[in-house]
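See below for the structure under consideration.
The values are calculated or read from the model by the stated rules, or taken from the named source; none is laboratory data. Note that the structure is predicted; figures quoted are calculated from it, not measured. So basically every Cβ, Gly included, is an ideal-geometry build from the backbone, and we count neighbours across all protein chains shown.
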Amino acid sequence: MATATAVERDYSLVAKVLHWLVAACVIFIIPAGIVMVNVELPDATRNTLYNLHKSFGVLILGLMAVRVGYRLTFGAPAASGALTPTQYLVSRIVHFTLYVLLIAMPILGWAGTSAFPAPVPVFGLFEMPALVGEDRELSKQLLAIHGYLGFFLTAVAILHIAAGLYHGVIRRDGVLSRMI
Ligand code: HEM
Ligand code: HEM
């Protein structure tokens, strides 16, 4: 029986597709969120941006639900032999934090929008049901937490991307290829 070493084993195709779909959505949704909240825009443009932000957020939540189910069922490849024990520990903490944030963020956005109350359309195809009843104060609080966590997610994602590029471009130790 062939024994694959940890470094040789890639993430599965399903894990890779889910990773890059979510990554692309996140790379779109964060700047969209920051722009729609902070930049002076014509109403129609702002509305479109809000609708796209909400739609991609719901898509992320759906993809993450599949991803968590997949991860719990099939696991992930063993640690890359290129990582020191400390790097491995840090990467586990970062990945776990990303999973938690990628589930918490859309739920907070959805709940905060429902409490406002405003609709949560998904690519003009359908609307999500309200998660909570009307409550302006609650909406303000939920969306404020959504905003703070959004900046935390941005910082963690930048750290993660920098680490991925460091392994892929500088160290060229096979860690990045596990996800490509
Ligand atoms: C992973 C998914 C999501 C991420 C990373 C994300 C990220 C962000 C960010 C960075 C902001 C800007 C915060 C600021 O500048 O103060 C924002 C604002 C906002 N997001 Fe999201 N978001 C996500 C999902 C959602 C979803 C699913 C909804 C609603 C269904 C939503 C609704 C909103 C709303 C209403 C605002 C404006 C809040 C305000 O006016 O202060 N977001 N989001
Ligand atoms: C250019 C951008 C990115 C690169 C180069 C990259 C690279 C990687 C690599 C190489 C791994 C596997 C690490 C290992 O084998 O130990 C990984 C895992 C992961 N990435 Fe990324 N990534 C990028 C963007 C993102 C974004 C934007 C997110 C979400 C915010 C994300 C979330 C994750 C998560 C949650 C894992 C853990 C997967 C698991 O073990 O189930 N990545 N990434």
Checked the stretch 127-180 for anything aliphatic (A, V, I, L, M), more than 27 Å from Val14 (Cβ to Cβ) and part of a loop (DSSP other than H, G, I, E, B); matches are Ala130, Leu131, Val132
The residue that is farthest from ligand 1 (Cβ to nearest atom), considering only those in the stretch 91-121 that are in contact with a Ser or Thr (Cβ under 7 Å, 6 or more places away or on another chain) and in a helix (DSSP H, G or I), is Ala115
What single numbered condition from (1) more than 22 Å from Ile158 (Cβ to Cβ); (2) away from ligand 1 (no atom under 15 Å from the Cβ); (3) assigned to a helix (DSSP H, G or I); (4) not hydrophobic (A, V, I, L, M, F, W, C) fails to hold for Tyr88? (1)
Can you confirm whether the stretch 58-78 contains a residue that is free of Cβ contacts under 8 Å to residues at least 40 places away in the same chain, part of a helix (DSSP H, G or I) and within 25 Å of Gly124 (Cβ to Cβ)? yes
Scan the stretch 167-180 for residues that are exposed (fewer than 14 other Cβ atoms within 10 Å of the Cβ) and either more than 9 Å from ligand 2 (Cβ to nearest atom) or modelled with pLDDT under 95 (or both) and jot them down. Val169, Ile170, Arg171, Arg172
Quick check on my filter: what residues within the stretch 14-28 are among the β-branched types (Val, Ile, Thr) and within 10 Å of ligand 2 (Cβ to nearest atom)? Val22, Val26, Ile27
Under 7 Å between Cβ atoms, at least 6 apart or on separate chains: pull out the pairs that start in the stretch 149-177 with a residue that is acidic (Asp, Glu) and end on any residue that is more than 16 Å from ligand 1 (Cβ to nearest atom). Asp173/Ala82; Asp173/His167
From the options Ala157, Ala130, Ala111, Ala115, residue that is under 16 Å from the mean Cα position of the chain (by Cα) and crowded, with 16+ Cβ neighbours inside 10 Å: Ala157
For the structure I just gave you, tell me whether Gly124 is out of contact with any strand residue (DSSP E or B) (no Cβ under 9 Å at 6 or more places or on another chain), assigned to a loop (DSSP other than H, G, I, E, B) and at positive phi. yes
